[in-house]
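**Q** This is the structure, below, for whatever I ask next.
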Amino acid sequence: MQNSDVKIVLNGGKQEMDSATIPIQWFFGDEVIDKKPAYILIIEQDEREIRCDDPEDPIPLSARRGRRYFVKVEQAVHFLQVFSPGKHRIACLVLNKRYRDKKRRKEFLMKDDPFDFTWNISWEDINKAEQENVSENKQHLPAGFISVKTIEIEVPEELFAKKSETAFGKALYSWINRWFETIPRDQCQYRARYIQSVSATLSLNTSNGVFHPRRFLGRLFNIYS
């Protein structure tokens, strides 16, 4: 039987999304309240990260990908920003008071690289815990685990700026990402790369504190070659 002792309300209960920032609220039944929940660990993943699930791999990449947020239960609401359109899944793990220790919370937020968290949290265990309505610790769930609720959402394309299809827009996209091995994860990462690329180009075209616009424009428009 699916867990009914944790209720998650997204976007105030409205079906239509008018923003990429979504309010999340949580409500607990008596069984969860009796276990004195103190924190919620929110995990959000987009479609590409969901595809990292691999039933043949005991610890698939999806156990380390996504975005994670620790939130105090007493806060009652968290505003979650999503960075790309399409399918997303969200897990809200209810945890006990041991996570009042900031060092314990940091363990689950540490990263080995920009994409992968150090601590694995298995979506297979998350789904099993929710379906079976159990609170015992699973191998790849945090100690102090009380309960969990998951939800899937579809984020509309119109909430994000569309990628330019013009020749200049395509060339600019390639120029901005030329130093990176992967495409940008989302609009925010693309904008950050844009700023880095322009800043680097400006510094390359400045000598003795004087900016050389011809040199800058020559390198900028060299993206067509």
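**Q** Are any residues in the stretch 19-54 surrounded by fewer than 13 Cβ atoms within 10 Å (Cβ to Cβ), more than 18 Å from the chain's Cα centre (by Cα) and touching a residue at least 60 places away in the same chain (Cβ under 8 Å), and if so, which ones?
**A** Listed by number, the list holds a single entry, K36.
**Q** Looking at the structure I just gave you, is L141 within 22 Å of D34 (Cβ to Cβ) and assigned to a strand (DSSP E or B)?
**A** No.
**Q** Do you know which residues across the stretch 117-156 are at pLDDT below 85 and in contact with a Pro (Cβ under 7 Å, 6 or more places away or on another chain)?
**A** none
**Q** Answer yes or no: is there a residue in the stretch 137-146 that is closer than 24 Å to Q25 by Cα and in contact with a His (Cβ under 8 Å, 6 or more places away or on another chain).
**A** Scanning the stretch 137-146, I find no residue that is closer than 24 Å to Q25 by Cα and in contact with a His (Cβ under 8 Å, 6 or more places away or on another chain), so the answer is no.
**Q** Given the criterion at pLDDT 95 or above and either polar (S, T, N, Q) or not in a strand (DSSP E or B) (or both), identify the matching residue among Q25, Q2.
**A** Only one candidate passes the filter, namely Q25.
**Q** With respect to F70, is the statement that it is out of contact with any strand residue (DSSP E or B) (no Cβ under 9 Å at 6 or more places or on another chain) and among the aromatic types (F, W, Y) true?
**A** In short, no.
**Q** Go through (1) at pLDDT 80 or above; (2) surrounded by 13 or more Cβ atoms within 10 Å (Cβ to Cβ); (3) not polar (S, T, N, Q) and name the single condition A167 misses.
**A** All conditions pass for A167, except number (2).
The values are calculated or read from the model by the stated rules, or taken from the named source; none is laboratory data. This one's a predicted model, so the numbers in the text were calculated from it and none came from an experiment. Neighbour counts run over all protein chains shown; Cβ positions are idealised from the backbone, glycine included.
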